[in-house]
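Trainee: I have a structure I would like to understand better, so I am pasting it below and will then ask my questions one at a time.
Values quoted throughout were computed directly from the atomic coordinates according to the rules given, and no laboratory measurement underlies them. This is a predicted model, so every value here is computed, not measured. Glycine gets a Cβ as well: all are built from the backbone with ideal geometry, and neighbour counts include every protein chain shown.
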């Protein structure tokens, strides 16, 4: 394949664009106190934030799978009035400022919210400023990534396999579990990983809806925010951990976007 000559202006602008992203990341790596990294990572408050981050993000991913896969299937397979509007509303958290999303959750599920008051009086369930609230906030902002990825997988799959299974007498659930799910497994995995990574890094909606309470709602991004004022070196280490996770996700899923490149 012949190498294309890059015009000088495009090369210059492309280089500046790359540096715009790379320099801050290099700065984080350079400023990280590597000698104290292990001590900072094994500090009790750090381990607690890491534990809570894993619990909340994995719980959010599980909820997203339970609700998001059926929602993606409906979007991909069922025609109904207002589908495009509903899709836009349910994927809005992808572009909505996270703080606004957290505020919306408070208006819906706070003690004086649309549903929060009823949940509190009828079942004694309080969501804001709890671990469950942190999981809900992360699910709210992360699930759209899974829904769109799975919907794209459903739309691109060859439906003749499903039709053949039905012709052979397979029921709807058998077709879905034995044919559809294996065919969209790559999209499902990619969506779940993207959802988990987004939940792990969630900040704005979590701090607005769930607060920043150590051991209860203080996930790693919230801990980084707090440590910036009290222990900057520790915040660098935690930021680097989140950076490594993000890089791992992007590298692992590069073929989903770039094909065989």
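Trainee: For residue 189 and residue 160, FRET efficiency with R0 = 30 Å and r from the beta-carbon atoms, rounded to 0.05?
Mentor: Working: r = 23 Å, r/R0 = 0.77.
After rounding, the FRET efficiency stands at 0.85.
Trainee: Turning to a different aspect of this structure: Hey, how many Å between the Cα centroid of region 50-65 and the Cα centroid of region 169-235?
Mentor: Cα centroid to Cα centroid, the span is 5 Å.
Trainee: What value in Å³ per residue do you get for the convex hull of the alpha-carbon atoms in region 92-201?
Mentor: Cα convex hull per residue, to the nearest whole number: 133 Å³.
Trainee: Extending each Cα 7 Å along its Cβ direction at residue 125 and residue 88, get the distance between those two points in nm, one decimal.
Mentor: Placing both labels 7 Å along Cα→Cβ, they lie 3.0 nm apart.
Trainee: Further, regarding this structure: Take the alpha carbon atoms of region 13-33, find their center, do the same for region 92-160, and report the distance between the two centers in whole angstrom.
Mentor: The two parts, judged by their Cα centres, are 33 Å apart.
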